[in-house]
Structure formats: structure tokens, C-alpha cells
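One structure below.
Only the coordinates and a few stated rules stand behind these numbers; no lab work does. Quick caveat, the model's predicted, so the values are computed rather than measured. Glycine also receives a Cβ, built like all others from the backbone with ideal geometry; neighbour counts cover every protein chain displayed.
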Amino acid sequence: MHSSLASEILRLADCLAEGLRRELFLTPKPGLVDLLDAGAHPDLSLPLMLESAEFVGRGYRSFARALAEGRDAAQLLPLGRDLEKQLLEKFGTNTHKGAIFLGGLLLCALAESRRQELDLQQGVVAVALHILPTHQTGATHGARLRDKQLATGILGEARRGLPSLFNAALPALAAAHSRGLDENRAGLATLARLMQCVDDTTALHRCGPPGLARLRRDGARLESLLGQEVDPWPFLLAANQDYIALGLTMGGVADLLAMAYGISTFVQQFPSPAAAPALTSG
Ligand SMILES: CC(C)(COP(=O)(O)OP(=O)(O)OC[C@H]1O[C@@H](n2cnc3c(N)ncnc32)[C@H](O)[C@@H]1O)[C@@H](O)C(=O)NCCC(=O)NCCS
Ligand SMILES: Nc1ncnc2c1ncn2[C@@H]1O[C@H](COP(=O)(O)OP(=O)(O)OP(=O)(O)O)[C@@H](O)[C@H]1O
């Protein structure tokens, strides 16, 4: 691989790792770990999640180096599985499982998009077509929901080119920046959009369809408060108490928000928009 592409992929790995940290700092996020509490996750804490983000960031760098050495997405899968296993052993719980997969997919997609002159979303579809037909996840919560045809979760997102990321979160983040919203409100506007469109299997397996419906309603309410320039904090703090009581969370929303932060920073670091990879044509 050309050394300029190799360093571009390495830079994306670091941007995605930084995205994981920014997601954790965005506060308040109902049900999720943030600066105030661990939401509906008694097994998690902010220090644990920050350590996990650093660990996954090193994993992203190892994916980037493997791609630079010419390995493809199928050859990266064992590295992803190994990292996921190490993560579970090191932290004793599922801290960033979805993020390992999404980050690996985006790094492979960047390599693929540059190779085939595709936009990044088309690169995701190409990689997903290559790896998912034979992909085995094991007996996960997501697999159980897929078997019951209740949701396709992270794999459905991947197959469709991560529409929640490219067609919802990234446009919402860009619109928030161009409206001049500060870091907190821009993040909350992106969270609000994601809550309304992600088929989040962590919400579904914890609280069923009513849990997912609650995310949808709360996302719409948050978006409306932000649109009216009303302080959303009282609403979000109350929602967090409800989510804790219900055991409701939104891990997929959180993972996709982290990826949106990472991709947004990555694109902004190019000297001109023309030099950056096109994100989507959809
Ligand atoms: C694909 C994975 C994540 C399994 O997914 P599955 O849905 O079966 O598992 P599970 O129910 O545990 O959920 C996984 C995670 O997805 C996230 N998530 C949930 N819903 C969604 C959604 N709609 N969109 C995106 N992410 C979501 C959650 O944070 C959750 O932690 C993964 O474990 C796997 O198979 N990995 C293979 C190795 C690998 O990671 N390779 C990386 C390089 S490509
Ligand atoms: N800030 C955050 N707070 C909590 N979870 C987050 C956060 N950011 C990302 N996540 C994601 O949420 C997921 C954890 O959700 P959850 O605990 O419901 O999953 P699980 O371990 O599969 O299920 P359970 O613990 O209910 O058996 C992780 O994969 C992680 O990637």
C-alpha cells in the first residue's frame, strides 16, 4: 500500500479512538455512561470506559497497520475477534464490543474506497458484502433478535452502509456546527437524531419494543427542545432516572455517535474538502 494511504488510515484510527472519548464525555446521555454517572450500566464506570477506549484505540492502530501491510477485511476479522476476546478478559464486561466492529469496518472501508474510487459509505457496503455472508457472531443478544426477526442491529446497519452514521448522524453534526451550536448541544443534536433512527439491539434486548419506542420519543423531544433553544438538561436528567429504573440503554446509539465524532474530525483535518474522501452519495 502507498505510504500516504497507510498514514491516512492510521490517522482515521486515531480520530475514531478520540471519537470514543468524546462520546463518553457528552453529558447527559440517558442510560449511558457519562460525566455524571454510569446510567443503566452497574457493571461500567467512566474510568473503566476511558481505559477501554484507550485499549480499543490501540486495537484500531493494529487494524490500520494490518491494512497497510496489505491484509483485507476478511483477514482482519480474526484480529477483531481476538481484540474483542481480550477486551472481555481485561475489563470483565462488554465495554466497547460494537465499537471494535464499527471501527474495524470503517478502516477497511477507507482502504477499499481509495482502492476502488468509491465514497466511504459505498466502501462500507463493499466490505460488508465481502465479510458478512459467512460471518458468525455466536449466541449474542443481537443474534437472538435477528432470529426472531425483531431487528437486524449492527449487522443490518453494516450491510446497508451504516445509514444511521452517514445519512443521519453526520448530517446532524454538520448542521449543528453550521448553526453555531456549542460542543455539548451539537453532540446532543446528533444523539437526538440517532435515537430516532437506530434499531438499537441493546435497548431491544433490555426493554423490548417499548424500550425502542421510548428512545424514538425521547430523541424527538430532545430535538424539539434544541430547536426551540430550550435548555435540554432537566429533560435529559429526568429521562436518565427513568432509564436507570427501567434498565434501558442505547449502546448502539452511543457507538454510532462515537463513529460520527471520529469521521467528522478525520474529514475536517484534510487541507481542503476536495482532498477528503467523499462520505456518501445517498
Ligand atoms: C458484530 C458483532 C459486534 C456482534 O454483533 P451482535 O449484534 O451479534 O452482538 P451484540 O448483541 O452483542 O451487539 C453488539 C453491539 O452492537 C451495538 N449495536 C446495537 N445495535 C446497533 C445498531 N443498530 N447499529 C450499530 N450498533 C449497534 C451495541 O453497542 C452492542 O454492544 C461482533 O461481536 C462480531 O461478530 N465481531 C467479529 C469480529 C470483529 O469485531 N471484527 C472487527 C473487524 S471487521
Ligand atoms: N457511554 C456508554 N455507556 C454505556 N454503553 C456504551 C457507551 N458507549 C458505548 N456503549 C456500548 O454499549 C454496549 C453495552 O451495552 P449492554 O451492556 O446492554 O450490552 P451487553 O453487555 O451485550 O448486554 P447486558 O450487559 O445487558 O447483558 C457496549 O457494546 C458499548 O459499546
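When each of Ala40, Ala53, Ala13 is tested for being touching a residue at least 40 places away in the same chain (Cβ under 8 Å) and more than 10 Å from ligand 2 (Cβ to nearest atom), the lone residue that passes is Ala13. On inspection, Gly142 does not qualify as more than 14 Å from ligand 1 (Cβ to nearest atom) and not polar (S, T, N, Q). Any residue in the stretch 197-207 that is away from ligand 2 (no atom under 15 Å from the Cβ) and basic (Lys, Arg)? No, because not a single residue in the stretch 197-207 is away from ligand 2 (no atom under 15 Å from the Cβ) and basic (Lys, Arg).
Scanning for something more than 16 Å from ligand 2 (Cβ to nearest atom) and in contact (Cβ under 8 Å) with a residue 24 or more places away in the chain, does the stretch 140-148 turn up at least one residue? So far as the stretch 140-148 goes, no, none of its residues is more than 16 Å from ligand 2 (Cβ to nearest atom) and in contact (Cβ under 8 Å) with a residue 24 or more places away in the chain. Looking at the stretch 244-271, which of its residues are outside any helix (DSSP H, G or I) and within 16 Å of ligand 2 (Cβ to nearest atom)? Within the stretch 244-271, Gly247, Leu248, Thr249, Met250 qualify. The set of residues in the stretch 16-37 that are free of Cβ contacts under 8 Å to residues at least 60 places away in the same chain, in contact with a Pro (Cβ under 9 Å, 6 or more places away or on another chain) and surrounded by fewer than 21 Cβ atoms within 10 Å (Cβ to Cβ) contains only Leu35.
Just one of the numbered conditions (1) surrounded by fewer than 21 Cβ atoms within 10 Å (Cβ to Cβ); (2) out of contact with any Asp or Glu (no Cβ under 8 Å at 6 or more places or on another chain); (3) touching a residue at least 40 places away in the same chain (Cβ under 8 Å); (4) not hydrophobic (A, V, I, L, M, F, W, C) is not true of Thr93: (2). The residues listed here are Val33, Val56; of these, the one that is assigned to a helix (DSSP H, G or I), under 18 Å from Asp255 (Cβ atoms) and β-branched (Val, Ile, Thr) is Val56. Test Ala220 against the criterion of being farther than 16 Å from Leu26 by Cβ and within 14 Å of ligand 2 (Cβ to nearest atom), and give yes or no. Spelling it out, it is not the case that Ala220 is farther than 16 Å from Leu26 by Cβ and within 14 Å of ligand 2 (Cβ to nearest atom).
Can you find, within the stretch 120-139, the residue that is nearest to the chain's Cα centre (by Cα) among those that are touching a residue at least 40 places away in the same chain (Cβ under 8 Å) and either within 10 Å of ligand 1 (Cβ to nearest atom) or surrounded by fewer than 18 Cβ atoms within 10 Å (Cβ to Cβ) (or both)? Restricting to residues being touching a residue at least 40 places away in the same chain (Cβ under 8 Å) and either within 10 Å of ligand 1 (Cβ to nearest atom) or surrounded by fewer than 18 Cβ atoms within 10 Å (Cβ to Cβ) (or both), the top hit is Val127. Restricting attention to the stretch 86-105 and to residues that are in a loop (DSSP other than H, G, I, E, B) and within 16 Å of the chain's Cα centre (by Cα), the residue that is nearest to Ser7 (Cα to Cα) turns out to be His96.
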